[in-house]
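K.L.:
One structure is given below, represented as structure tokens, and several questions about it will come after.
Please treat every number below as a calculation from the coordinates, not as lab data. Values in this document were obtained by computation on a predicted structure and should not be read as measured data. No Cβ is skipped: glycine too gets one built from the backbone with ideal geometry, and neighbour counts run over all protein chains shown.
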Amino acid sequence: MFNDNLARKIARERFLSESDRRDSPRFDLPVAIRSGNEYRECFGRLSINGLYFETERRHRLGQRVSARLVLLGLGREIEVQGTVIQIMPAGGQWGVVVRFDGIPFESERQIARWLDLMARATRVVAVP
């Protein structure tokens, strides 16, 4: 019989090991996740292709999600849509991975600009 808990553990370990090979930086930012007609504020981890956030609300694989991203430092707030591609337990909450779907070019450009700004701001410069 298929062991569901073992499958989740293996999927989580694979996800974590793949995260070590990421080629796109990820940074935390304030987000508002749409749930029905209201938005719930939380912090998310943004990449060029998607978003990770933790919530008390359980989402479904394949579910469409809308989020407002607050790009601190750029003075921008943008709305994006995506699809839930992974769900995992996260310390009493649910960790949700969303891949962006067809976001407008200008929004993608703003995300890339913000990620670049954050990467530059977090670089450690060696002092001679």
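K.L.:
Once the other residues with Cβ under 12 Å from the Cβ of residue 118 are scored (Lys, Arg +1; Asp, Glu -1), what is the net sum?
P.N.:
Working: positive: 26, 45, 113, 120, 123; negative: 28, 116.
Taking every Cβ under 12 Å from that of residue 118, the sum is +3.
K.L.:
Further question on the same structure: Tally Lys/Arg at +1 and Asp/Glu at -1 over every other residue whose Cβ is under 9 Å from the Cβ of residue 52; what's the total? Walk me through the intermediate numbers first.
P.N.:
Values: positive: 26, 45; negative: 54.
Here the count lands on +1.
K.L.:
Whole-Hz ³J(HN,Hα) for each residue in the stretch 69-84, computed from phi via Karplus 6.51 cos²θ - 1.76 cosθ + 1.60 with θ = phi - 60°, x for glycine and proline: what do you get?
P.N.:
Going residue by residue, I get 9, 9, 8, 4, x, 9, x, 10, 10, 10, 9, 10, 10, x, 10, 5 Hz, with x marking Gly and Pro.
K.L.:
Can you check how the C-alpha radius of gyration of the stretch 25-122 compares to 2.2 N^0.38 Å, as a plain ratio? Numbers along the way, then the final one.
P.N.:
Numbers: Rg = 12.8 Å, N = 98, 2.2 N^0.38 = 12.6 Å.
Against the empirical 2.2 N^0.38 Å value, I get 1.02 for the stretch 25-122.
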